[in-house]
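These notes concern the structure reproduced below.
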Amino acid sequence: MPSIESLPSKQLAQAYFEYVLQKTLPVKWVNPALVKGADHYAKYSGGPGPMDWMVHIAGIPALLPDPYFWAATTNKYHRKAASDIGEKTKKFVDTALDKFKQAHDYCRAQAKIKDLKIMALCAIGTPGCLDMPKLADAPSFKSWPDSYKEKNGKAYAKAVVEGLSGQFDKWASKVMVPGLPWYPAFATYPGPSAAPLPNIPMPLIVCPSPMMAEVVQMKLKKAMVDALDKRVKDNDADKHHEAIFDAIAFPISLNFLLWLLVQQIMNVLGKGPVPVFAPPYVPLGPVLAGDNIATPGHLAT
């Protein structure tokens, strides 16, 4: 059963946050060794001495990030702030990716192809033929926001659940089966009606959806940002919430494309009548106006 996590999501999210987004703590730090910084520092503390400039206050630029966030300098207070907040951010992003994977696996196991029209060997499914539960209905995803006691943590988790679920549902609700040759045995069937037969396995990517662009990184991030409580967004002047959601969306969008390639559609049982069957003159014929048995598990293997 192929997982949606073909690539290491947590490592990709951390690398993207640290080396592409490059968020620094403290926010808007000004080096007191500079003229502008020295004036600012003197206003509040009487001004630094030369050693304060070099070590205790200015420090030197941090060479490596703490988890997720870069410290403005090697000053121990800057390092501690970056480390503490970075650890909390890393824990949240890692948990979000784990919960998403669990929810996707749950929904994938419940997914089924329905309302197919079978004409000879071809299967035709109109947009909406993939019946897949919403991610937000998966138990692990649905209960996740309630695990946070803090209002901010609950708001962030709720935004992830609602944002990702909404975008994936947009894609799934428009998946179609474009006349694929799933049932070659139905081209000439020797009987009055064809017994249920499984389809020829094919990758999910051959079933297009006009809403596939809704699962790209930019759209996933925007959906989560839009779902976040306005109060939380207004209190985040440096837009850290956008960076967090961007880091979550990055590996999910990549893994989604790879998952479409490796996920097989299997065991879709097709059946139907053979109207031209009239032995002994017409001993076989194509299945026409057939349908399928819609049972969960078509994406489970």
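If you go through the range 232-271 and pick out every residue that is free of Cβ contacts under 8 Å to residues at least 24 places away in the same chain and either more than 27 Å from Pro296 (Cβ to Cβ) or more than 15 Å from the chain's Cα centre (by Cα) (or both), you end up with 6. For the range 138-161, a residue qualifies if it is surrounded by fewer than 15 Cβ atoms within 10 Å (Cβ to Cβ), closer than 21 Å to Ala109 by Cβ and either touching a residue at least 60 places away in the same chain (Cβ under 8 Å) or not polar (S, T, N, Q) (or both), and exactly one does: Pro139.
Scanning the range 170-205 for residues that are in contact with a Ser or Thr (Cβ under 8 Å, 6 or more places away or on another chain) and either among the hydrophobic types (A, V, I, L, M, F, W, C) or at pLDDT below 95 (or both) turns up Trp171, Ala172, Val175, Met176.
Hey, can you tell me all the residues within the range 289-301 that are at negative phi and in contact with a Gly (Cβ under 7 Å, 6 or more places away or on another chain)? Selection gives Gly290, Asp291, Asn292. Exactly one residue out of Leu180, Leu135 is crowded, with 16+ Cβ neighbours inside 10 Å, within 30 Å of Lys271 (Cα to Cα) and of a type outside the set (S, T, N, Q), and it is Leu180.
When each of Ala223, Ala243, Ala249, Ala237 is tested for being more than 30 Å from Met176 (Cβ to Cβ) and not in a loop (DSSP other than H, G, I, E, B), the lone residue that passes is Ala243. Candidates Pro210, Pro196, Pro178: the one that is assigned to a strand (DSSP E or B) and either aromatic (Phe, Trp, Tyr) or out of contact with any strand residue (DSSP E or B) (no Cβ under 6 Å at 6 or more places or on another chain) (or both) is Pro178.
The values are calculated or read from the model by the stated rules, or taken from the named source; none is laboratory data. Quantities reported herein were computed from a predicted structural model and do not represent experimental measurements. Glycine also receives a Cβ, built like all others from the backbone with ideal geometry; neighbour counts cover every protein chain displayed.
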